[in-house]
Amino acid sequence: MLHYQTNEVINAKTLISHVTIIGKLIPQTPNDFMKLVRLSYDFRKAVLYATRMISKGIKANEFLKELRGMLNKGYGDSAYKVAKSIVEGCRFNGGNPQHIKVEKLFIASEGETSRIGNRNVRLEATDRVKIKYPYDRTWLFFKVQFGKNYLPLVQEIVKLAKEKKTSYGAIIVFRDSRIYLHLSIPIDLYLKYFSKGSANGSLTAGFDLNADRINMVVVDGFGRIRDAKTEWFPEVTSHGFPRSKAKIKRLEALARLLDYAYHHNVGVVVFENLFIIKRRKFTKNSSANRKISRFAKKELLQYGIIMAMKYGFKVLLVNPKGTTHSKEHDEVMRKYGLDRHTASAYIIALRGMESHNLIRKAII
């Protein structure tokens, strides 16, 4: 879960509050399965209706009662928030929200501490979950299978939720003839079980995220470049390359760079704050536009922040304005003989350092 801010430079820990883990849902009876399918169709219908209302500029309080009447208050509120996010994403990509189509079946339910973790999707144990069926106010019962490495974490979530000490968001997704449960859990609880270390190095690494490469520049306390590495994956932008595989390649590349930084005396990592960008900028180049449209840059950044937190890095986000196509950027390229992406990574690193008084002598 992200909390958007527009500060010039911010600590990423203030943005990321939750992280998602995924389990597989298995129905106990065919009847429970059919009821869940019906619920998912109606939830999708509610979300689509809400996108139309939001895109027309109708205020939430004018149609929320109707949404809640379709299902229940918890599902209705969740449908509204999902629809709002979809409309914002459509506008970001330059689309018309009135033409939004919601094709996949899914159900979402917000976390609520006072309701034993969640109002409508409630973990009973590490392998059992019940789902509220709003039409007759009964529960549907499913088995849930998480990876073995997640079981201790899930066990603590169940315990804390029953004690009304924590909550978790839930999304049920139908995909490839299977049903999955996506749990959104507090980041601090996640890091308790999946921390990889405590980075305390003296260097700072700046990252420039792109569709076909990730550039990293490591800078010391005087602003001097100590190291630079680039991970390339040009094949992911080619026509027909599966998005899921492209996502994996980018995540693997970013993970390799962060692991390298951790083992080479880096204590602070800096990214551009892509969450404050309101709309994608397309060009007259069709090849470049294809790269832009196929690249979920904000999603990669979110994963990068969580990866970095697992290593114990201090994670900073800087305003992306001027990191490319600026006088400062051109000067860095000429002075140090850097390509434009490496120059961007260097500027990103310096901005993060200067904002937190980590640099003792400016180079530029």
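The values are calculated or read from the model by the stated rules, or taken from the named source; none is laboratory data. Everything numeric here is computed off the predicted structure, so don't read it as measured data. No Cβ is skipped: glycine too gets one built from the backbone with ideal geometry, and neighbour counts run over all protein chains shown. Quick note on the areas: whole protein, heavy atoms, side chains included, nothing else; ligands and nucleic acids left out. Shrake-Rupley method; radii C 1.70, N 1.55, O 1.52, S 1.80 Å.
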Please give the charge dipole size of the chain, origin at the Cα centre, charges +1 on K and R Cβ atoms and -1 on D and E Cβ atoms. Round to the nearest 20 debye.
820
Using the heavy atoms of the protein chains and a 1.4 angstrom probe, tell me the accessible area per residue for the chain in square angstrom.
51
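So for the stretch 44-146, considering every pair of alpha-carbon atoms, how many percent are separated by more than 19 Å? Please report the intermediate quantities before stating the final value.
Numbers: 2543 of 5253 pairs.
Looking at the stretch 44-146, the distances longer than 19 Å represent 48 percent of pairs.
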Would you check the accessible area of ARG178, probe 1.4 Å, heavy atoms only, in square angstrom rounded to 10?
120
The base-10 log of I(q)/I(0) that the Debye equation returns for the stretch 187-256 at q = 0.18, 0.24 Å⁻¹, one scatterer per C-alpha, is -0.86, -1.02
Run lengths n ≥ 4 of DSSP H only: what is the helix-derived mean residue ellipticity at 222 nm for the chain, with -39500 (n - 2.57) per run over all residues, to the nearest 500?
-12500 deg cm²/dmol
On Cα atoms only, tilt of 327-336 relative to the major axis of the chain in degrees:
60
Near the amide H of HIS18, under 5 Å away, which other amide H atoms are found, from residues 5 or more places off or on another chain, if H is placed in the peptide plane?
ILE187
Amide H neighbours of GLY117 at under 5 Å, excluding residues fewer than 5 places away on the same chain, with H built from the backbone geometry, are GLU112
HN-Hα J in Hz across the stretch 118-124 - Karplus 6.51, -1.76, 1.60, θ = phi - 60°, x for Gly and Pro:
7, 5, 10, 10, 10, 6, 9
Relative to the first principal axis of the alpha-carbon coordinates of the chain, what is the inclination of helix 151-162, with its axis defined by its Cα atoms, in degrees from 0 to 90 and to the nearest 10?
60
Extreme residue, positive dipole direction of the chain, given options VAL82, ALA199, ASN215 (C-beta unit charges)
VAL82
TYR260 paired with ILE276, simple spin-label distance in nm, labels 7 Å along Cα-to-beta-carbon:
2.9
So GLU163 and SER85, fully extended at 0.36 nm per residue minus their Cα-Cα distance, gain in nm 25.0 nm
Just the accessible area for PHE207, please: 1.4 Å probe, Å², rounded to the nearest 10?
0
For the stretch 145-278: Kirkwood Rh in Å [reciprocal of mean 1/r, alpha carbons]:
18.1
The stretch 100-143 - charge dipole about Cα centre, Lys and Arg +1 at Cβ, Asp and Glu -1, debye rounded to 20:
60
Quick one: in the chain, what % of C-alpha pairs are over 41 Å apart?
19
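Highest mean first, how do 54-63, 302-311, 134-143 rank when packing is the count of other Cβ atoms within 10 Å averaged over residues?
Highest to lowest by the protection proxy: 302-311, 134-143, 54-63.
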Quick check: with the 1.4 Å probe, what order do ARG91, ARG52 take by accessible area, largest first?
ARG91, ARG52
Over what distance in Å are the Cα centres of the stretch 43-74 and the stretch 214-239 separated?
44
Just the projected area, averaged over all directions, of the convex hull on the alpha carbon atoms of the stretch 72-197: how many nm²?
9.9
With r as the distance between the Cβ atoms of SER17 and SER114 and R0 = 25 Å, compute the FRET efficiency 1/(1 + (r/R0)^6) and round to 0.05.
0.85
